[in-house]
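Below is one structure, written out as structure tokens; comments come after it.
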């Protein structure tokens, strides 16, 4: 199940005897922990770390009856540490690991009424090489039927959640500035939430724009890079040169600028070749390709398409390639290379 499904289930009343929180996403995990612990008194919550205690100790505590609390919450971190040494990492079939969880299976057949055991397994991700290791953790705890998957937010999901945070915190920010915040923080909702809290304290009732983001957000350079991408997409030479100078003064890593530019122009070329005329069509097209974009990003791509025809977009990608090669020369003047690129793209 997802974190949202568990929260909805909690509102209807009742918690399962055990829950496994699986995955690295910190923002959802924090929300769940706040919601779960809110319904228990401080003395009814016990914490364990399986890198220091054993799973058997946790289960013994879960079986014990309390004289002071009818309902108890046992929160266990580092659940991966309970797996036999080497089994998480190796290429075996995991049967030994699964067999070591017999005490857990026994407890789950007759769990203690009023006790909820939460186990956090956040070390491994759902993608790439870590997926196999995550599957072994899941198999070890197979006796727990209620598993909450804490997957990282996709970009469009982070954008939607960030909008909800804006309403909750009362921060006033236009759509384009919010886009820059989400993109500059890599759609990491835990970081976005922290930065949103800082922005709320700083802003009060004032609206926030790019300048405030550049001042307050640690990834201010990335924010300026994205602003440059959008200015070039509009063929705004004056603003583009101004932003490039800002990046140069701050010592920005200019290959990162090229990476963002390349993405913007490649997506614009795809939209142009597909004959997409509106931001809604662009949004739908990339969603079908498995690359969802939010509405304002689709508008930015549409802006670029409106300023550059197909041949210009192809030429722009050639210019980006030449600039990338220029930055890799033995002793390039990065600022001059990038300034030349800006002049060529806005000609």
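The values are calculated or read from the model by the stated rules, or taken from the named source; none is laboratory data. Nothing here was measured: the structure is a model prediction, and the numbers come from that model. Backbone-built Cβ (ideal geometry, glycine too); neighbour counts: all protein chains shown.
Values computed for the structure shown
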item: Spans of helices (runs of 4 or more DSSP H) in the stretch 1-67 with at least 3 residues buried (at least 19 other Cβ atoms within 10 Å of the Cβ); result: 26-38, 55-63
item: Residues (part of a loop (DSSP other than H, G, I, E, B), out of contact with any strand residue (DSSP E or B) (no Cβ under 6 Å at 6 or more places or on another chain) and touching a residue at least 12 places away in the same chain (Cβ under 8 Å)) located in the stretch 102-149; result: 111, 112, 114, 122, 123, 124, 125, 126, 142, 143, 145
item: Yes/no for residue 187 being surrounded by 17 or more Cβ atoms within 10 Å (Cβ to Cβ) and either part of a helix (DSSP H, G or I) or in the same structural domain as residue 54 (by TED's automatic domain parsing) (or both); result: no
item: Inter-residue pairs, beta-carbon under 7 Å, first loosely packed, with under 13 Cβ neighbours inside 10 Å and in the stretch 244-260, second at pLDDT below 75, 6+ apart; result: 250/221
item: Residues located in the stretch 296-346, provided they are without any contact (Cβ under 8 Å) to a residue 24 or more places away in the chain, surrounded by 15 or more Cβ atoms within 10 Å (Cβ to Cβ) and closer than 21 Å to residue 179 by Cα; result: 298, 299
item: Selection status of residue 114, surrounded by 14 or more Cβ atoms within 10 Å (Cβ to Cβ) and modelled with pLDDT under 85; result: yes
item: Matching residues, the stretch 84-101, being within 28 Å of the chain's Cα centre (by Cα) and either at pLDDT 85 or above or assigned to a helix (DSSP H, G or I) (or both); result: none
item: Which listed residue, of 275, 284, is under 25 Å from the mean Cα position of the chain (by Cα) and either modelled with pLDDT of 85 or more or under 28 Å from residue 156 (Cα atoms) (or both); result: 284
item: Matching residues, the stretch 173-188, being over 13 Å from residue 27 (Cβ atoms) and touching a helix residue (DSSP H, G or I) at 6+ places or on another chain (Cβ under 7 Å); result: 173, 175, 176, 177, 178, 179, 180, 181, 183, 184
item: Residue in the stretch 261-270 that is modelled with pLDDT of 85 or more, surrounded by fewer than 17 Cβ atoms within 10 Å (Cβ to Cβ) and in contact with a helix residue (DSSP H, G or I) (Cβ under 9 Å, 6 or more places away or on another chain) present; result: yes
